[in-house]
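Trainee: So that we are looking at the same thing, I have put the structure below in structure tokens.
The values are calculated or read from the model by the stated rules, or taken from the named source; none is laboratory data. Computed from a prediction, not measured in an experiment: that's the story for all the values here. FYI the Cβ positions are ideal-geometry reconstructions off the backbone, even for glycines, and counts take in every protein chain you see.
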Amino acid sequence: MQPTLTIDLAALKTNWRDLDRQNTGETAAVVKANAYGLGADRVAPALAEEGVRKFFVALAEEGVALRRILGPGPEISVFSGHMPGDAELIREADLVPMLNSIDQMLMHVETLPGHPFGVQLDSGMNRLGMEPAEWAALREIALAQKPRLVMSHLACADEPAHEMNPRQLQSFREMAAGLEAPLSLAATGGILLGPEYHFDLARPGIGLYGGLPFIDAQPVAYLDVPVIQVREVAPGESVGYGNTWVAKRPTRVATIAAGYADGVLRGMGPELYAFAGETRCKVLGRISMDLIGVDVTEAETLPDHVELLGRHQSIDTLADAAGSIGYEILTALGARYARRYTGG
Ligand SMILES: *Cc1c(COP(=O)(O)O)cnc(C)c1O
């Protein structure tokens, strides 16, 4: 029996509404990487039902898939802009590329004259977007074509006190001064930084899916893993590859049906717990590809499954165990789960 990943679409919608309430402008949704691993085919329509009219993806191919899911109407924008070979995809799926460079701008107006676009500016992160000098050279030409959006992205919005935030805000304001185009700077973290950062459109992703820095988010992903076998282990005996865990007392060990192939990262092992009902149970020894040993000695009854994600622990709890972030936990969730959607 497979582990079950349950995705609570009602919680997803609540998270979007809560962020939208805090945001002074329009609130879009970022559904790149298959909606952070949770399934764009169910997540995007649920958000559209809730009133989302603008969606963002990373790649044109993701935009094409999303257009099939959503149908005509919602605006679908592409962060990577217009890359070589994208013209047909952009035209056919009616995508809005966020142009990142002079080269992309030239390619776009040459291959798709009159097709909508946005502009991505680099306000200091040095990842994507036009730098101030590049933008100064292109600004008049770009503006004559009426971009749908002028956007930039914050590098440190999850740390509200970071001096990078006001620095990027200032840089974005300077580059966007005098523009008529709608402006966008904030993702989840930027919404929480306050109204100065909101401009016309915010682009939250992780907060919708229940992750930090949206501390009040409702959990969206629930992961229950079946127990395959339970055994009694005597003091001195070991569990798992490499004998890294040795029993000091008589221990009841459940072997559960998930492993690093399912995104339960091997590095989490020493810090990871699973829940049998209300009982917090230590993971024992190394995480295998498909199997994990769990100490269920203290569980009230012999569990037939344990919880890895849900009411007792969030994606950020798992992330901490791996020295990672909620984003990586979600996008690493494997393809082997039975996926169940509730609240749609
Ligand atoms: C991924 C991404 C977002 C969404 O960020 P979250 O932190 O998940 O809210 C917004 N804008 C850009 C440019 C992104 O790459």
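Trainee: Which residue, of 89, 95, 59, is within 16 Å of the ligand (Cβ to nearest atom) and over 22 Å from residue 181 (Cβ atoms)?
Mentor: Of 89, 95, 59, the one residue that is within 16 Å of the ligand (Cβ to nearest atom) and over 22 Å from residue 181 (Cβ atoms) is 59.
Trainee: For residue 181, indicate whether it is in a loop (DSSP other than H, G, I, E, B) and away from the ligand (no atom under 13 Å from the Cβ).
Mentor: yes
Trainee: Under 7 Å by Cβ, and 6 or more places apart or on different chains, what pairs join a residue from the range 48-63 that is assigned by TED's automatic domain parsing to the domain that holds residue 90 with one that is assigned to a loop (DSSP other than H, G, I, E, B) and acidic (Asp, Glu)?
Mentor: Going by the 7 Å Cβ cut-off, the qualifying pairs are 60/86.
Trainee: Continuing with the same structure: Residue by residue through the range 291-330, note down the ones that are crowded, with 22+ Cβ neighbours inside 10 Å and assigned to a helix (DSSP H, G or I).
Mentor: 315, 318, 326, 329, 330, listed by residue number.
Trainee: Restricting the range 203-222 to residues that are surrounded by 22 or more Cβ atoms within 10 Å (Cβ to Cβ) and closer than 13 Å to residue 157 by Cα, which is nearest to the chain's Cα centre (by Cα)? I'd like the intermediate steps shown before the answer.
Mentor: Residues of the range 203-222 surrounded by 22 or more Cβ atoms within 10 Å (Cβ to Cβ): 203-204, 206-211, 214, 217, 220-221.
Retained after the next criterion (residues that are closer than 13 Å to residue 157 by Cα): 203-204, 206-207, 214.
Numbers: 203: 12, 204: 9, 206: 4, 207: 8, 214: 12 Å.
Out of the qualifying residues, it is 206.
Trainee: With respect to residue 142, is the statement that it is touching a residue at least 60 places away in the same chain (Cβ under 8 Å), within 30 Å of residue 89 (Cβ to Cβ) and hydrophobic (A, V, I, L, M, F, W, C) true?
Mentor: no
Trainee: What helices (runs of 4 or more DSSP H), lying completely within the range 49-162, carry at least 2 residues that are of a type outside the set (S, T, N, Q) and more than 28 Å from residue 37 (Cβ to Cβ)?
Mentor: Where helices (runs of 4 or more DSSP H) fall fully within the range 49-162 and carry at least 2 residues being of a type outside the set (S, T, N, Q) and more than 28 Å from residue 37 (Cβ to Cβ), they are 87-92, 102-111, 132-144.
Trainee: Could you please find all residues in the range 117-169 being in contact with a Leu (Cβ under 6 Å, 6 or more places away or on another chain) and within 18 Å of residue 77 (Cβ to Cβ)?
Mentor: Within the range 117-169, 117, 118, 119, 120, 129, 130, 150, 152 qualify.
Trainee: Could we say that residue 120 is among the polar types (S, T, N, Q) and either surrounded by 15 or more Cβ atoms within 10 Å (Cβ to Cβ) or within 26 Å of residue 86 (Cβ to Cβ) (or both) here?
Mentor: yes
Trainee: OK, next. Cβ-Cβ distance below 8 Å, separation of 6 or more or different chains: which pairs start in the range 318-338 with a residue that is of a type in the set (Lys, Arg) and end on one that is assigned to a loop (DSSP other than H, G, I, E, B)?
Mentor: Listed by first residue and then by second, the contacts come to 336/2; 336/3.
Trainee: Looking only at the range 6-63, which residues are on the phi > 0 side of the Ramachandran plot and either of a type in the set (A, V, I, L, M, F, W, C) or under 15 Å from the mean Cα position of the chain (by Cα) (or both)?
Mentor: 33, 34, 35, 36, 37, 39, listed by residue number.
Trainee: Given the options 125, 164, name the one that is out of contact with any Ser or Thr (no Cβ under 6 Å at 6 or more places or on another chain), away from the ligand (no atom under 11 Å from the Cβ), under 28 Å from residue 215 (Cβ atoms) and in contact (Cβ under 8 Å) with a residue 24 or more places away in the chain.
Mentor: 164
Trainee: Give just the number: which of (1) within 11 Å of the ligand (Cβ to nearest atom); (2) free of Cβ contacts under 8 Å to residues at least 40 places away in the same chain does residue 116 not satisfy?
Mentor: (1)
Trainee: A further question follows. Return the only residue of 21, 42, 17 being within 14 Å of residue 340 (Cα to Cα) and among the basic types (Lys, Arg).
Mentor: 42
Trainee: Looking at the range 218-225, is at least one residue in a loop (DSSP other than H, G, I, E, B), in contact (Cβ under 8 Å) with a residue 12 or more places away in the chain and within 14 Å of the ligand (Cβ to nearest atom)? Don't jump to the end; show me each part of the working.
Mentor: Here is the first cut: in the range 218-225, the ones in a loop (DSSP other than H, G, I, E, B) are 218-220.
Narrowing further to those that are in contact (Cβ under 8 Å) with a residue 12 or more places away in the chain: 218-220.
With the extra rule that they be within 14 Å of the ligand (Cβ to nearest atom), the set shrinks to 220.
Yes: the range 218-225 contains one or more residues that are in a loop (DSSP other than H, G, I, E, B), in contact (Cβ under 8 Å) with a residue 12 or more places away in the chain and within 14 Å of the ligand (Cβ to nearest atom).
Trainee: Tell me whether the range 159-172 contains one or more residues that are under 30 Å from the mean Cα position of the chain (by Cα), crowded, with 19+ Cβ neighbours inside 10 Å and closer than 30 Å to residue 341 by Cβ.
Mentor: no
Trainee: Could you list all residues from the range 184-198 that are of a type outside the set (S, T, N, Q) and either assigned to a helix (DSSP H, G or I) or within 13 Å of the ligand (Cβ to nearest atom) (or both)? Before you say what the answer is, go through the steps one by one.
Mentor: Here is the first cut: in the range 184-198, the residues of a type outside the set (S, T, N, Q) are 185-187, 189-198.
Answer for the range 184-198, where residues must be of a type outside the set (S, T, N, Q) and either assigned to a helix (DSSP H, G or I) or within 13 Å of the ligand (Cβ to nearest atom) (or both): 185, 186, 187, 189, 190, 191, 192, 193, 195, 196, 197.
Trainee: Being crowded, with 19+ Cβ neighbours inside 10 Å and in a loop (DSSP other than H, G, I, E, B) is the filter here, so list the residues in the range 272-290 that pass it.
Mentor: 272, 285, 286, 287
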